[in-house]
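Scroll down for the structure; my scribbles are underneath it.
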Amino acid sequence: MSARDDILARIHAALGTDITPGEREVGASAPGAGYRATSGRTEDELVDLLVDRLEDYKARVEVVAAAELAEAIRTRLEGKTFVAPAGLPADWLHPSLADRRATDSREEPLGVDRLDAIGAVVTGSAVSIAETGTIVLDGSPDQGRRAISLVPDHHVCVVPVETIVGIVPEGFARLDVTRPLTLISGPSATSDIELERVEGVHGPRTLDVLIVR
Amino acid sequence: MSTVSLGMPALPPRGFGNISETEPFPSYARRELQNDQLRANLRHATHTIRDKRLRVVSELPDWEELREAGSAIKAEAMERLPELLAQFEEQFTARGGTVHWARDAAEANRIVEGLVRATGSSEVVKVKSMATQEIGLNEYLEERGIAAFETDLAELIVQLGHDKPSHILVPAIHRNRTEIRDIFLREMPGVDPELTDEPRRLAMAARAHLRRKFLSAKVAISGANFGIAETGTLGVVESEGNGRMCLTLPETLITVMGIEKVLPRAEDLGVFMQLLPRSSTGERMNPYTSLWTGSTPGDGPKDVHVVLLDNGRTRALADRHGRSALHCIRCSACMNVCPVYERAGGHAYGSTYPGPIGAILSPLLTGVEAEENKSLPYASSLCGACFDACPVKINIPEILVHLRGEDVEARHSRPGARRLPSQFDLAMAGASWAMSDGARMGLLERGLPLGKAAAGRDGVISKLPGLGAGWTQSRDIPAPPAESFRAQWAKRAKNSADPHGIKEGEGK
Ligand code: SF4
């Protein structure tokens, strides 16, 4: 018997069930769902909460108007070289940045050594969860491959205000989990040595978040 | 209740690997109790995490509902395990991944070895994972010439120190900063000889050491916190970014996941991604979580595998009373509140799974009659703190008691076992005789001053004979008072001419 059939048979024996599939509808809704599905917070409350939570993780956060975004990104990059995904909206990047930019895409990916030599990365984001201070990247064209938001030491991340939700279940309701997802809650950190928190181990040591309204 | 004579099907085979005690808990724990450094580290760590956890848990108005949902989803997943695993396999495969099945530790190790060899690489980077720890994968690969590099800082400290993890969340919690610096100076090639013991400097040394590995590794091995049946999605929860490095940069990714980790729906992540971080590190959310479904063209590893591991899980599943131990999401909240763990430390449990959950999970995976694990169900004071802390409401004390029953049953039914009642049975019968009658109890209590005499001058009894010896092995008993409560109460009643004396029923 194959390991697969063997294990499945063992499970059936353990449960005392039949080998024929169960009658319950696959994908039926979660049992006991008495937990909150929405937070009911207003947009202003969501922004305040997200800022508070991200700052708690030692991320640098600023709320900017759409017209100020390009300038805000420019100042964050402080003369660094940076990578941006091919699908990043063109008007996010100040023209003066052109000669410091490297472009990455699934079709023309940069090698890891090249990424390692680059100072920063600029991406958009798919969904942000205010209550936990979590930003989700889902590999859309303005967010790019997972490697680009990981290898450079400084991540400048743009969060459009309409992508902010209140709580975790609302976040997953908006996401397609079959895309490669990266949930980021503050910069990389470790507490493995006597539980003393050290920010920035392998991932970017600096996280800049620009919330655009 | 013998399962033999009823013609019931044989139990599924036991699990193997690092889930067996090498030494009975009481003797190991006794040695660990002498280690003051360990006790101080543990106390600090468990109390810090415990307090943080309470703070963030109290922020959520629906915490109890979330626990309830977590528990119900896990129960549903166990009930529907065959169809969910088949669905997971179908979805993961449809999106370009390959699914393997392993009956036990040996089979899982062989599968992983074969996959690594097929890449032509003799090095792998690893994300911290309980499943690979359980099957002893690192040692297995190393014996066969494949170097496995742990990339989680704590696992790296443990690996470089030729040591074993002692906590599932902070595996190097038994080490202090000076010890860690010494390990790095001794074992980390090219490390700065001026390295101080400041945690930031140590973390940065690890960063520099691992950076080259991450950027050049061709193969990575991970565990998984969840597998979503509906979509074939796998998830890893972490902090440092070492997980993201391993999960996205290499060409080949091999994940070892226990079959009990499967969840029915993507929607269920909304529950578990609230329960897990708050329960484990006491954070609202861990810094990084990665979710992937098969392979994504142009992004991340091209060759993606998952090994679905049984290794005794079906055996635990067959135990109706113990089954819910498989609901565990490895958050470690139960160890951080356990008074026994706090004093004895993780190594005493002799297993990948320490603390209250280890005391039930290990014997369930191996069978309690497996000689090595039969002392584990006694490694608890049954105080119930673990049950209250558990985000998926596993009733650990109840399962401990159930397993103790199984153990006693197994001893009695062992061929040639003494038919005479044990000292423990007699003591229990004696206690019930005495406690069921006030007069008898009073009579016995008059013996109290005798206990006083048995104590040393420091007022503690540090050694009892017979059955009591087991108890005093790891703690002292304060000597009993000269007079019993009953006696004091009786005196008080006699003096009740005092009008301010407490009358019955007035206590509250
Ligand atoms: S038994 Fe519960 S509290 Fe303990 S590690 Fe597992 S999920 Fe966490």
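The values are calculated or read from the model by the stated rules, or taken from the named source; none is laboratory data. Everything numeric here is computed off the predicted structure, so don't read it as measured data. Using ideal geometry, Cβ is built from the backbone for each residue, glycine included, and neighbour counts are taken over all protein chains shown. To get the accessible areas, we keep the full protein, side chains included, count just its heavy atoms, and leave off ligands, DNA and RNA. Shrake-Rupley method; radii C 1.70, N 1.55, O 1.52, S 1.80 Å.
Values as computed for the structure displayed
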quantity	calculated
Only one of B:241, B:227, B:161 that is open to solvent by less than 30 Å² (accessible area, probe 1.4 Å), more than 21 Å from residue A:182 (Cα to Cα) and within 26 Å of the chain's Cα centre (by Cα)	B:161
Only listed residue being at pLDDT 80 or above, surrounded by 19 or more Cβ atoms within 10 Å (Cβ to Cβ), of a type outside the set (D, E, K, R) and under 20 Å from residue B:316 (Cα atoms), chosen from B:405, B:367	B:367
Residues that are free of Cβ contacts under 8 Å to residues at least 60 places away in the same chain and within 16 Å of the ligand (Cβ to nearest atom), drawn from the stretch B:270-284	B:273, B:277
The stretch B:80-105: number of residues that are more than 7 Å from chain A (Cβ to nearest Cβ), of a type outside the set (A, V, I, L, M) and part of a helix (DSSP H, G or I)	6
The one condition in (1) open to solvent by 10 Å² or more (accessible area, probe 1.4 Å); (2) at the interface with chain A (Cβ under 10 Å from one of its Cβ atoms) that residue B:261 fails to fulfil	(2)
Near pairs, Cβ below 8 angstrom, 6+ apart or cross-chain, from the stretch B:330-344 (among the small types (Gly, Ala, Ser)) to any residue that is away from the ligand (no atom under 14 Å from the Cβ) and in a helix (DSSP H, G or I)	B:344/B:25; B:344/B:28; B:344/B:29; B:344/B:32
Residue check for residue A:18: at pLDDT 95 or above, more than 30 Å from residue A:199 (Cα to Cα), open to solvent by 40 Å² or more (accessible area, probe 1.4 Å) and within 14 Å of chain B (Cβ to nearest Cβ)	no
Residue tally, condition basic (Lys, Arg) and either crowded, with 24+ Cβ neighbours inside 10 Å or within 14 Å of the ligand (Cβ to nearest atom) (or both), over the stretch B:342-351	0
Checking residue B:395 against (1) of a type in the set (S, T, N, Q); (2) farther than 20 Å from residue B:74 by Cα; (3) within 14 Å of the ligand (Cβ to nearest atom), the condition it does not meet	(2)
Hits in the stretch B:55-74 - residues which are more than 8 Å from every other protein chain (Cβ to nearest Cβ) and in contact with a helix residue (DSSP H, G or I) (Cβ under 9 Å, 6 or more places away or on another chain)	B:56, B:57, B:59, B:60, B:63, B:67, B:70, B:74
Residues located in the stretch A:201-213, provided they are within 11 Å of chain B (Cβ to nearest Cβ) and either of a type in the set (Asp, Glu) or surrounded by fewer than 23 Cβ atoms within 10 Å (Cβ to Cβ) (or both)	A:204, A:205
Of all residues in the stretch A:126-154 being among the polar types (S, T, N, Q) and open to solvent by less than 10 Å² (accessible area, probe 1.4 Å), the one that is farthest from residue B:298 (Cα to Cα)	A:132
Failed item, numbered, when residue B:380 is tested on (1) open to solvent by 10 Å² or more (accessible area, probe 1.4 Å); (2) outside the structural domain of residue B:31 (by TED's automatic domain parsing); (3) away from the ligand (no atom under 16 Å from the Cβ); (4) free of Cβ contacts under 8 Å to residues at least 60 places away in the same chain	(3)
Exclusive hit being crowded, with 23+ Cβ neighbours inside 10 Å and within 16 Å of the ligand (Cβ to nearest atom), set B:354, B:339, B:287	B:354
Candidate set from the stretch B:293-335 (those that are in a strand (DSSP E or B) and open to solvent by less than 10 Å² (accessible area, probe 1.4 Å)); member that is nearest to the ligand (Cβ to nearest atom)	B:309
Filter result (touching a residue at least 40 places away in the same chain (Cβ under 8 Å), crowded, with 24+ Cβ neighbours inside 10 Å and of a type in the set (A, V, I, L, M)) within the stretch A:168-195	A:181, A:183, A:184, A:189
Candidates A:88, A:54, A:110, A:49, filtered to the one that is open to solvent by less than 20 Å² (accessible area, probe 1.4 Å), within 14 Å of another protein chain (Cβ to nearest Cβ) and either in contact (Cβ under 8 Å) with a residue 24 or more places away in the chain or not aromatic (Phe, Trp, Tyr) (or both)	A:54
The stretch B:176-203 - residue that is under 25 Å from the mean Cα position of the chain (by Cα) and facing chain A (nearest Cβ under 8 Å) and, of those, modelled with the lowest pLDDT	B:176
Matching residues, the stretch B:116-127, being farther than 14 Å from residue B:140 by Cα and open to solvent by 10 Å² or more (accessible area, probe 1.4 Å)	B:118, B:119, B:120, B:121
